[in-house]
Amino acid sequence: MKIVARDIPPRAAWALEQAGVHPLLARLYAARGVRASDELDDGLARLLPPSGLKGIDDAARQLADAMAHHKRLIIVADYDCDGATACAVGVRGLRMLGAQHVDYLVPDRVTDGYGLTPPIARRVKERGADVLITVDNGIASVEGVAEAKALGLQVVVTDHHLPGPELPLADAIVNPNQPGCTFESKSIAGVGVMFYVLLALRAELRARGVFDAATQPKLDPLLTLVALGTVADVVRLDANNRRLVAQGLKRIRAGQMPAGVAALFNAAGRKAPAATTFDFGFALGPRINAAGRLADMTLGIECLLTDDAGRAAELASTLDGINRERREIEGGMREQAMLMAESLFDNGEEPPPAISVFDPDFHEGVVGIVASRIKDKLHRPTFVFAASSAPGKEHELKGSGRSIPGFHLRDALDLVAKRHPGVILKFGGHAMAAGCTVTEEGFAAFEQALAQVAQEWLDASTLTRRIETDGPLSPEYCRADIVDTLHREVWGQGFLPPTFSEEVQIVSQRLVGEAKNHLSIKLIHQGNPVDAIWFGHTEQLPARVLLAFRLDVNEWRGERKVQFLVEGAEI
């Protein structure tokens, strides 16, 4: 492991400080590419205009026409948190704008698979729909859209995933990553795309005289859901995404949120008035995702749609229970998968350049999380496969992969598919996360082919885990109020939370937790005693060591003390 301090451009840090930004925040922002204080303006007026999205005016016109003729609209969602929030934003937003017939359908991860497939299109038609709207999927659904069109449905695709070689023949496509789209925020989540479609639709309805600037419905209450889906989908938090998230956080902290979001905060034991991006990514997001992994994402969507506090509490409690079950399944699978991964190389040796594991007892709803855990520990692109439980697909394996910087997972799958026709039945995804289906007999060939691509694409430097930090932490900032200030800011993928690094003296260390799998540490940081904890780490540290750590506050009997959360050590 290598701990590397980020470059902090002194001129940018100075300019931010002169503009009134806290000195520590000025340094952190400058290291993340912020050059001027206006980039930190999170006001709604600073959001990129909807007009930059190719196809959005077509989508707005079609939806406005459909509403004028009282047509039935059905949203086809994805079964993750981005898909669930995008669906809730779509249903709530369309109803706010006057649509009288709006419903949704979410595919089942196991029996239906991902996206708008021909059978899903037929189910939408059977439910009496006139217009089919996809959220967080559809750009790769060439056959599904063709089937929907053949059935006489109008199709509006809203998505953010990378398109394949062929675009679906939909009536309108809104996706910043489609060819010819000049929208600057290519990292916007599916829920963000749907929110932008609603903004364009409202403008179209305004132009038609349905309402004016004074009487138009306010769409900003939907930003709580936009923020949640954006963080949970781990998209890059560019300036536009950070504004969307900041707006959502402000509303939640002020108590302005749907009943389901409030209930999820309660179920997770988190405090909404002090809401952070961490809550979205590690408390609320996983509880919604658990429904799509182990049960039915309808539960998650209904939780986000209800305005009844009692019903919301009931659904949030159910989601919390499913998430506990997910954690239990994941724990057993992770242990087994880690043993399998570590059996691929001898103790003391380097792991292979890419790792693929399969066990017939693995649960397909949890393979992505387990792949992520192995990737984090071994720093290798990792695929975990489970046997498909879809009827008639028993001999297929469904895999989910997670990658490391420098290895574009979807492109790697594309190369494997070209080199070994027939091994991969289907695939899709992004640079850092992707999924694919292979036959059981094709697993060994896939494992070798992926490792071969990794061997060619990765070198010693990319195979060495690097932790980028913000360098040393001045003792004057080692205070609970400073930690609170940091937590209030918007951090996430591509705009990582502050991590500091320093050589410290270890005073004592012991294993804690039920399974004794966390290292509790007492250390001296710049002459001051500090408590630290390293979750999931069991190996003892030397007396002096270079640590990478984040800041947290530990509350005990009314006293608030700074605690270090250790991210890594360079020994």
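The values are calculated or read from the model by the stated rules, or taken from the named source; none is laboratory data. Treat the numbers as computed from the prediction; the structure is a model and nothing was measured. Positions of Cβ are generated from backbone atoms using ideal geometry, with glycine treated the same way; all protein chains shown enter the neighbour counts.
Values as computed for the structure displayed
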| read-out | value |
| --- | --- |
| Pair list, Cβ < 8 Å and 6+ apart or interchain, from segment 433-453 residues that are on the phi < 0 side of the Ramachandran plot to residues that are assigned to a helix (DSSP H, G or I) and surrounded by fewer than 18 Cβ atoms within 10 Å (Cβ to Cβ) | ALA449/ARG419; VAL453/LEU415 |
| Single match in LEU105, LEU63, LEU40 (criterion: outside the structural domain of GLY365 (by TED's automatic domain parsing) and touching a residue at least 40 places away in the same chain (Cβ under 8 Å)) | LEU63 |
| Of residues in segment 55-70 being surrounded by fewer than 17 Cβ atoms within 10 Å (Cβ to Cβ) and either at positive phi or not in a helix (DSSP H, G or I) (or both), the one nearest to the chain's Cα centre (by Cα) | HIS70 |
| Hits in segment 416-431 (condition: within 16 Å of PRO165 (Cα to Cα) and surrounded by 15 or more Cβ atoms within 10 Å (Cβ to Cβ)) | ALA417, LYS426, PHE427, GLY428, GLY429, HIS430 |
| Qualifying residue in segment 126-143 (condition: surrounded by 23 or more Cβ atoms within 10 Å (Cβ to Cβ), assigned to a helix (DSSP H, G or I) and touching a residue at least 24 places away in the same chain (Cβ under 8 Å)) | no |
| Enumeration of residues in segment 288-315 that are among the basic types (Lys, Arg) and more than 15 Å from PRO258 (Cα to Cα) | ARG293 |
| Subset tally (residues that are surrounded by 14 or more Cβ atoms within 10 Å (Cβ to Cβ) and either modelled with pLDDT under 95 or among the charged types (D, E, K, R) (or both)) for segment 9-34 | 3 |
| Contacts under 9 angstrom Cβ, first residue in segment 265-284 being closer than 14 Å to GLY248 by Cβ, partner among the β-branched types (Val, Ile, Thr) and at pLDDT below 95, 6 or more apart | GLY281/VAL234 |
| Selection status of VAL156, farther than 20 Å from GLY248 by Cβ, of a type outside the set (S, T, N, Q) and in the same structural domain as CYS81 (by TED's automatic domain parsing) | yes |
